[in-house]
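To start, the structure under review is shown below, and the notes come after it.
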Amino acid sequence: MHDRMFFTPVAVSVGAGHKRMIASLFDMHEFLTEFPPSRRRLSYGAAVKACEAARAGEISIEAARDALITFATTAGILWPPAQPAVSVKPVARGFGGYAA
(Lines give C-alpha, C1' and ligand atoms only; values in the text may rest on other atoms or scores of the structure.)
Protein backbone atom coordinates (compact mmCIF):
# COMPACT_ATOMS: atom_id res chain seq x y z
CA MET A 1 0.00 0.00 0.00
CA HIS A 2 1.26 3.45 -0.89
CA ASP A 3 1.17 5.64 2.22
CA ARG A 4 -0.23 9.13 1.78
CA MET A 5 1.46 11.88 3.79
CA PHE A 6 -0.22 14.87 5.45
CA PHE A 7 0.87 18.29 4.25
CA THR A 8 1.46 19.22 7.92
CA PRO A 9 1.88 16.52 10.60
CA VAL A 10 -0.38 16.48 13.65
CA ALA A 11 1.26 16.39 17.09
CA VAL A 12 -0.60 14.63 19.88
CA SER A 13 0.24 14.09 23.53
CA VAL A 14 0.86 10.48 24.48
CA GLY A 15 1.36 11.04 28.18
CA ALA A 16 3.80 12.58 30.63
CA GLY A 17 4.87 15.40 28.33
CA HIS A 18 5.68 13.16 25.37
CA LYS A 19 4.38 13.90 21.92
CA ARG A 20 3.80 11.75 18.86
CA MET A 21 3.89 13.11 15.34
CA ILE A 22 1.24 11.72 13.02
CA ALA A 23 2.37 12.43 9.46
CA SER A 24 0.44 10.00 7.28
CA LEU A 25 -2.71 7.93 6.93
CA PHE A 26 -0.75 4.88 8.08
CA ASP A 27 0.37 6.75 11.24
CA MET A 28 -3.20 7.91 11.83
CA HIS A 29 -4.59 4.37 11.45
CA GLU A 30 -1.94 2.94 13.77
CA PHE A 31 -2.52 5.64 16.41
CA LEU A 32 -6.30 5.24 16.35
CA THR A 33 -6.03 1.45 16.56
CA GLU A 34 -3.75 1.71 19.62
CA PHE A 35 -5.86 4.38 21.36
CA PRO A 36 -7.35 2.99 24.62
CA PRO A 37 -11.02 1.97 24.22
CA SER A 38 -11.89 3.53 27.58
CA ARG A 39 -10.91 7.00 26.28
CA ARG A 40 -12.73 6.83 22.92
CA ARG A 41 -15.55 9.29 22.25
CA LEU A 42 -17.94 9.92 19.34
CA SER A 43 -15.27 11.87 17.49
CA TYR A 44 -13.08 8.74 17.59
CA GLY A 45 -15.50 6.88 15.32
CA ALA A 46 -15.63 9.83 12.93
CA ALA A 47 -11.81 9.91 12.77
CA VAL A 48 -11.64 6.17 12.04
CA LYS A 49 -14.24 6.47 9.28
CA ALA A 50 -12.43 9.48 7.79
CA CYS A 51 -9.13 7.57 7.82
CA GLU A 52 -10.71 4.60 6.04
CA ALA A 53 -12.44 6.87 3.50
CA ALA A 54 -9.20 8.71 2.74
CA ARG A 55 -7.34 5.41 2.31
CA ALA A 56 -10.03 4.35 -0.17
CA GLY A 57 -9.76 7.68 -2.00
CA GLU A 58 -13.32 8.73 -1.13
CA ILE A 59 -12.29 11.91 0.71
CA SER A 60 -9.16 14.05 0.70
CA ILE A 61 -6.28 13.28 3.00
CA GLU A 62 -6.63 16.75 4.54
CA ALA A 63 -10.27 15.99 5.46
CA ALA A 64 -9.01 12.92 7.34
CA ARG A 65 -6.37 15.10 9.02
CA ASP A 66 -9.10 17.54 10.10
CA ALA A 67 -11.08 14.64 11.61
CA LEU A 68 -7.96 13.58 13.52
CA ILE A 69 -7.50 17.11 14.85
CA THR A 70 -11.16 17.25 15.94
CA PHE A 71 -10.76 13.93 17.74
CA ALA A 72 -7.51 14.99 19.41
CA THR A 73 -9.07 18.26 20.54
CA THR A 74 -12.15 16.62 22.07
CA ALA A 75 -10.00 13.94 23.71
CA GLY A 76 -7.70 16.64 25.13
CA ILE A 77 -4.56 15.20 23.52
CA LEU A 78 -3.81 17.75 20.79
CA TRP A 79 -0.29 19.08 21.38
CA PRO A 80 -0.30 22.88 21.80
CA PRO A 81 0.82 24.63 18.59
CA ALA A 82 3.26 26.94 20.40
CA GLN A 83 5.46 26.12 23.33
CA PRO A 84 5.18 28.52 26.29
CA ALA A 85 7.95 31.08 26.48
CA VAL A 86 10.32 30.65 29.37
CA SER A 87 11.83 33.78 30.81
CA VAL A 88 15.12 33.74 32.66
CA LYS A 89 15.96 36.67 34.88
CA PRO A 90 19.34 37.32 36.40
CA VAL A 91 19.30 37.25 40.19
CA ALA A 92 21.60 38.69 42.80
CA ARG A 93 23.91 36.04 44.14
CA GLY A 94 24.26 35.57 47.84
CA PHE A 95 26.81 33.62 49.79
CA GLY A 96 27.69 30.33 48.08
CA GLY A 97 26.41 31.35 44.66
CA TYR A 98 22.74 30.80 45.43
CA ALA A 99 20.03 33.37 44.79
CA ALA A 100 19.40 35.45 47.87
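The values are calculated or read from the model by the stated rules, or taken from the named source; none is laboratory data. Because the structure is predicted, anything quoted here is derived from the model rather than measured. Glycine gets a Cβ as well: all are built from the backbone with ideal geometry, and neighbour counts include every protein chain shown. When the accessible area is computed, the model is the full protein with side chains, heavy atoms only, and any ligands, DNA or RNA have been set aside. Shrake-Rupley method; radii C 1.70, N 1.55, O 1.52, S 1.80 Å.
Determine the relative contact order of region 5-75: mean sequence separation of Cα pairs under 8 Å and six or more apart, normalised by residue count, in whole percent. Provide the component values of the computation, followed by the final result.
On the way: 73 pairs, mean separation 21.2, N = 71.
RCO, region 5-75: 30 percent.
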Note down the accessible area of H18, probe 1.4 Å, to the nearest 10 Å².
110 Å²
Pull out a ≥ b ≥ c, the square roots of the eigenvalues of the alpha-carbon gyration tensor of region 5-75, then state rounded if a/c is under 1.5, prolate if not and a/b is larger than b/c, and oblate in the remaining case.
oblate
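If I stretch the segment between K49 and E30 completely, what's the gain in nm (0.36 nm per residue apart, minus their alpha carbon distance), one decimal?
On the way: separation 19, 0.36 × 19 = 6.84 nm, distance 1.36 nm.
Difference between extended and current length: 5.5 nm.
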Using a Förster distance of 30 angstrom, determine the FRET efficiency expected from the C-beta separation of R40 and K19, and round it to 0.05.
0.90
Amide H of F6: which non-local residues (sequence gap of 5 or more, or other chain) have their own amide H closer than 5 Å, using H built in the peptide plane?
S24, L25
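Using a 1.4 Å probe and counting only protein heavy atoms, arrange V48, V12 so the residue with the most accessible area comes first. Working shown, then result.
Working: V48 40, V12 0 Å².
Reading off the accessible areas and sorting them downward yields V48, V12.
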